[in-house]
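Reading through the structure tokens given below for one structure.
Rule-based calculations on the coordinates, nothing more; no lab input. Treat the numbers as computed from the prediction; the structure is a model and nothing was measured. All Cβ positions, even for glycine, are placed from backbone atoms using ideal geometry, and neighbour counts span all protein chains on display.
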């Protein structure tokens with residue numbers, strides 16, 4: 001969390017300076033598009049969300065399911081114990097192909113990198129966030145475009161699960177996509193060029209017919225047009 005440059009930041013009516021930074025950090029969780037994965041196993045990358053339980057397989061699998069990463073853990077031969085980026089690398093060795101084939105095969109296996117897609121990375125990081133929720137200490141969640149690499153269904157499911165875990169937490173979502181989430185927001189802050197231009201609920205902002213309503217309608221129209229085209233194609237196929 002950055003120091004504020006002006007104004008006052010209050011938490012439960014008290015200035016942020018009244019709190020210990022360690023306590024604030026323990027009460028926060030973030031989920032961003034700039035996800036960071038580590039040269040560890042898939043399970044450990046999730047378990048880091050709650051370091052004290054990094055080896056608790058049941059807790060990790062629950063978090064993986066919530067984050068949409070359960071299928072990813074079953075994708076590879078070694079499952080959740082698959083290492084993403086092994087850091088075992090040997091340099092300067094010269095091995096004879098015939099005499100040291102077995103050793104070369106072992107080295108190649110140790111140096112092999114497991115590739116996963118952008119969407120799979122986001123699911124894995126989301127699972128880590130749900131693992132962090134299990135500490136029961138999270139009061140603030142900041143989410144910044146966490147679904148940029150997810151398909152529409154994956155995005156819907158992720159936001160729905162986050163919304164369902166919102167009790168007792170303040171959740172801040174930064175997004176350019178206007179999905180079903182906007183209709184559940186207590187307050188929407190519409191920004192343009194770094195400035196707040198509108199503030200209110202989805203219903204209020206739509207009634208004002210301002211910038212927010214304009215942006216929302218543009219995206220809604222795109223989906224409507226896609227549905228019309230899809231229906232027309234289907235009708236054409238049936239007629240043929």
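Structural remarks
- Relative contact order (%) - segment 124-214, alpha-carbon pairs under 8 angstrom, separation at least six: 21 percent
- Translational diffusion coefficient of segment 20-85 (Stokes-Einstein, Kirkwood radius from Cα pairs, 4 °C, 1.567 mPa s): 101 µm²/s.
- Expected-Rg normalisation [2.2 N^0.38 Å, Cα atoms] applied to segment 162-226: 1.17
- Burial ordering of 192, 169, fewest other beta-carbon atoms within 10 Å first: 192, 169
- In this structure, residue 101 and residue 81 have a Cβ-Cβ separation that, at R0 = 30 Å, corresponds to a calculated FRET efficiency of about 0.70.
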